[in-house]
Amino acid sequence: MPERVRGFCYFGKNRDIEVEDEATAYFEYENGAAGVYITTTGEFPGTNRLEISGDKGKLVLEDGIITFYKLEISEKEFNRITDTTSGPIPMEKINIDYEDKSVDDCQADMINNWISAVLFNEKLIAPGEEGIKSLAISNAIYLSTWNDEWVKFPFDEDEFLEKLNDKINNSTYVKKEIKEAKGGLNFHS
């Protein structure tokens, strides 16, 4: 879990909705690491990329390919022994094979794992505690956005609930009638 988060959500920016349709979150961790998460409904074609950078290289998962940029020497060591202000650091580019499963396959795997856990005491792939952590991160991003400030973990859940209920009680959104068109496509009127 991060130590703190700063969220920037935009509500109804790209769609006629009262929920976020664009979000950026900046995370800081106790060990000094940082992370950034960016998502939007207003991008097509979309980008789905995970990038993890470390002292000895970088992993990139994009378009069903994992690429490892393995540095010959750690970035910290390189900067200690060189008089240049930046690289290039010699590296090796390694593509890593993995099984790219569809969302449906992953969900089926988790359901089968849950059944095996109940019947045969198999270890869960995704224990409930992990889901709670994801929800806490999401809620902290909202709270940070609403308060326009950093949120430290653990945060005040009562404050979050109060702000959420205020948003619900002050909602002005009116659901539009949906008409079915030929070919099964739905259009809002």
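Just so it is clear, none of the values below were taken in a lab; they were calculated from the coordinates. A quick note: this is a predicted structure, and the numbers were derived from the prediction, not measured. Methodologically, a virtual Cβ is constructed for each residue, glycine included, from the backbone with ideal geometry; neighbour enumeration extends over all protein chains shown.
For the range 41-108, which chymotrypsin sites (Phe, Trp or Tyr not before Pro) are both in a DSSP coil and crowded by at most 15 other Cβ atoms within 10 Å? Numbers along the way, then the final one.
Details: sites: F68, Y69, F78, Y98; in loops: Y98.
Loop-located and lightly packed - Y98.
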Study note, to complete from the structure: Per the helix-only model, the chain has a calculated mean residue ellipticity at 222 nm (DSSP H runs of ≥4, -39500 (n - 2.57) each, divided over all residues, rounded to the nearest 500) of -10000 deg cm²/dmol
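From Cα pairs below 8 angstrom and at least 6 apart in sequence, can you work out the relative contact order of the range 23-153, rounded to a whole percent? Intermediate results must be reported in sequence, preceding the final value.
Values: 118 pairs, mean separation 16.2, N = 131.
12 percent.
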Check your understanding: In nanometres, what is the gap between the two model label sites at T82 and I66, each 7 Å from Cα along Cα-to-Cβ?
Key -> 2.7
Study note, to complete from the structure: Calculating Rg and Dmax of the Cα atoms in Å from this structure picks out, from (1) 17.1, 55; (2) 17.8, 55; (3) 21.9, 68, entry (3)
Revision key, fill the gap. Longest principal axis of the chain (C-alpha) makes with the long axis of helix 103-120 (C-alpha) an angle, in degrees to the nearest 10, of 90
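Work out the FRET efficiency for E43 and S138 from their Cβ-Cβ distance, taking R0 = 25 Å, and round it to the nearest 0.05. Walk me through the intermediate numbers first.
On the way: r = 20 Å, r/R0 = 0.79.
With a Förster radius of 25 Å, E is 0.80.
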Check your understanding: What residues qualify as long-range amide H neighbours of M91, i.e. H under 5 Å apart, gap of 5 or more or another chain, H built at 1.01 Å from N?
Key -> E72
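Please list, by residue number, every one of the trypsin sites (Lys or Arg not before Pro) in the range 66-146 that is coil in DSSP and has at most 12 other beta-carbon atoms within 10 Å.
On the way: sites: K70, K76, R80, K93, K101, K123, K133; in loops: K101, K123.
Of the trypsin sites (Lys or Arg not before Pro), the ones in loops of the range 66-146 whose Cβ has at most 12 other Cβ atoms within 10 Å are K101, K123.
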Exercise for review: Return the sequence-ordered ³J(HN,Hα) values of the range 143-150 in whole Hz as given by the Karplus equation 6.51 cos²θ - 1.76 cosθ + 1.60 applied to θ = phi - 60°, using x for Gly and Pro.
Suggested key: 4, 4, 4, 4, 8, 6, 7, 5
Check your understanding: Out of I94, I111, G128, whose Cα points farthest toward the positive end of the dipole of the range 90-132 (charges: +1 Lys, Arg; -1 Asp, Glu; placed on Cβ)?
Key -> G128
Revision key, fill the gap. Residue by residue through the range 23-32, the couplings from Karplus 6.51 cos²θ - 1.76 cosθ + 1.60 with θ = phi - 60°, in Hz, x for Gly and Pro, are 8, 10, 9, 10, 10, 10, 10, 4, 7, x
Study note, to complete from the structure: If the label point sits 7 Å along Cα→Cβ of L59, residues of the range 105-135 with amide N under 15 Å come out as none
Review point. Label-point separation (nm) for E3 and I168, each offset 7 Å from Cα along Cα-to-Cβ?
Key: 3.4
Review point. Which residues' amide hydrogens lie under 5 Å from the amide hydrogen of V19, considering only partners 5 or more residues apart or on another chain, with H built in the peptide plane?
Key: G12
Review point. Label points 7 Å out from Cα along the Cβ direction at Y10 and D105: separation in nm?
Key: 3.5
**Study point:** Backbone HN-Hα couplings from phi across the range 59-72 [Karplus 6.51/-1.76/1.60, Hz, Gly and Pro as x]
**Key:** 10, 10, 10, 7, 6, x, 10, 9, 10, 10, 9, 8, 6, 5
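What is the total of Lys pairs in the range 1-107 with C-alpha atoms under 15 Å apart, excluding same-chain pairs fewer than 8 positions apart?
Numbers: K56/K70; K56/K76; K56/K93; K58/K70; K58/K76; K58/K93; K70/K93.
Summing the qualifying lysine pairs gives 7.
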Revision key, fill the gap. For the range 38-112 the GluC sites (Glu not before Pro) that pass both the DSSP coil test and the at-most-16 other-Cβ-within-10 Å test are E43, E72, E99
